[in-house]
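The values are calculated or read from the model by the stated rules, or taken from the named source; none is laboratory data. For clarity, every value in this text was computed on a predicted model and none was experimentally measured. Here Cβ is always computed from backbone atoms with ideal geometry, including for glycine, and neighbour counts include all displayed protein chains. To get the accessible areas, we keep the full protein, side chains included, count just its heavy atoms, and leave off ligands, DNA and RNA. Shrake-Rupley method; radii C 1.70, N 1.55, O 1.52, S 1.80 Å.
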Amino acid sequence: MLKEDFYAMKKNGMPISMITVYDSAFARMAEAAEIEMLLVGDSAANVMLGMNKTAEVSMEAMCIFTNAVKRGAPNSYIVSDMPFGSDSEPKAALQNATRLIEAGANAVKIEGLPLESLRAIKEKGIDLVGHLGLLPQTATSFKQVGKSDEEAEKIFEQAKVLDTLEPCSIVLEHVPEALGKKISQATNAPTIGIGAGSYTDGQVLVMHDVLRMHPFKLPPFAKNFANFWEAGVNAFCDYKSWVRKKILY
Ligand code: KIV
């Protein structure tokens, strides 16, 4: 798919699915399911590397994850997160975005509005994905943002500025439904919500929540569509018991 296809989906009222993936096996699964956008999220820090914050994942690691996803899903539209600090000034931002594209991404996602960096990347013809609302790289709390009129107005204005850069999409994280709706109606770019209500042009969730790959409490907006945690622990227990009984050969 191309950026234009996502704009056409918005125009035709066809919701866009995005899901995070970080390796070849799950990328292959997402491609088989024809998910329109695969996100190599910096949530890899938490769900793949066991770190505490998304800000801890390195540029090198993001390139390795992106490359693995590209191998598993060669025909999918892949968006890779620019890790924390990699986009703070335009020259480095362009170099880092180029590395992710060379590793297999079709677009890079940037949190917030580092305008000069966004412009430098766009000018080189690299597809951008914005990310507004709750910004996990710098957030000190994971509560909903944009609740006050002032905060909502600020996020709305940021979305309008971002829209002038014609991003491939704008991710809106953990904002009130009314704000998600207002932004989605005001932008040409498709909005992809995660905890932003039902009026965004698409939705994104973290793969490990969708498949229930961990025993932890889910964020309020996440949903399970399977229980890989239970299936996996049971399979490992069965495996162990076969080894103990010496019936595996
Ligand atoms: O890194 C990530 O998983 C994300 C999603 C929360 C959108 O940015």
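Worth pointing out:
- Exactly one residue among Ala73, Ala107 is more than 18 Å from Ser169 (Cα to Cα), modelled with pLDDT of 95 or more and either under 18 Å from the mean Cα position of the chain (by Cα) or within 14 Å of the ligand (Cβ to nearest atom) (or both), and that residue is Ala73.
- Between Ser169, Ser141, Ser241, the distinction of being within 16 Å of the ligand (Cβ to nearest atom), out of contact with any Cys (no Cβ under 9 Å at 6 or more places or on another chain) and farther than 28 Å from Ile35 by Cα belongs to Ser141 only.
- Residues that are assigned to a helix (DSSP H, G or I), within 15 Å of Asn188 (Cβ to Cβ) and open to solvent by 80 Å² or more (accessible area, probe 1.4 Å), drawn from the stretch 151-169: Lys160
- The single condition from (1) more than 14 Å from the ligand (Cβ to nearest atom); (2) more than 16 Å from the chain's Cα centre (by Cα); (3) farther than 20 Å from Val57 by Cα that Pro114 fails is (3).
- The test for being within 13 Å of the ligand (Cβ to nearest atom) and open to solvent by less than 30 Å² (accessible area, probe 1.4 Å) does not hold for Met59.
- Among the residues of the stretch 93-134, the ones that are part of a loop (DSSP other than H, G, I, E, B), open to solvent by less than 50 Å² (accessible area, probe 1.4 Å) and among the aliphatic types (A, V, I, L, M) come to 3 in all.
- Qualifying residue in the stretch 83-90 (condition: open to solvent by less than 30 Å² (accessible area, probe 1.4 Å), under 20 Å from Asp163 (Cα atoms) and touching a residue at least 60 places away in the same chain (Cβ under 8 Å)): no
- Pairs linking a residue in the stretch 20-34 that is open to solvent by 70 Å² or more (accessible area, probe 1.4 Å) to a residue that is outside any loop (DSSP other than H, G, I, E, B), with Cβ atoms under 6 Å and 6 or more positions apart or on different chains, are Arg28/Gly72.
- No other residue among Gly41, Gly72, Gly13 is out of contact with any Cys (no Cβ under 7 Å at 6 or more places or on another chain), open to solvent by 50 Å² or more (accessible area, probe 1.4 Å) and among the small types (Gly, Ala, Ser) apart from Gly13.
- Every residue from the stretch 141-173 that is among the β-branched types (Val, Ile, Thr) and either in contact (Cβ under 8 Å) with a residue 12 or more places away in the chain or within 14 Å of Glu111 (Cβ to Cβ) (or both): Val145, Ile155, Val161, Ile170, Val171
- From Lys217, Lys223, Lys240, residue being under 17 Å from the mean Cα position of the chain (by Cα) and open to solvent by 30 Å² or more (accessible area, probe 1.4 Å): Lys223
- Residues being within 13 Å of Lys10 (Cα to Cα), within 14 Å of the ligand (Cβ to nearest atom) and among the aliphatic types (A, V, I, L, M) - total across the stretch 172-217: 1
- Residue match in the stretch 173-186 (condition: of a type in the set (Ser, Thr, Tyr), on the phi < 0 side of the Ramachandran plot and in a strand (DSSP E or B)): no
- Once the stretch 24-56 is narrowed to residues that are charged (D, E, K, R) and within 14 Å of the ligand (Cβ to nearest atom), the residue that is nearest to His208 (Cα to Cα) is Asp42.
- Within the stretch 18-40, the set of residues being closer than 12 Å to Met207 by Cα and not hydrophobic (A, V, I, L, M, F, W, C) comprises Thr20, Tyr22, Asp23.
- Of all the numbered requirements in (1) under 21 Å from Phe84 (Cβ atoms); (2) within 16 Å of the ligand (Cβ to nearest atom), Ala159 misses one, and that requirement is (1).
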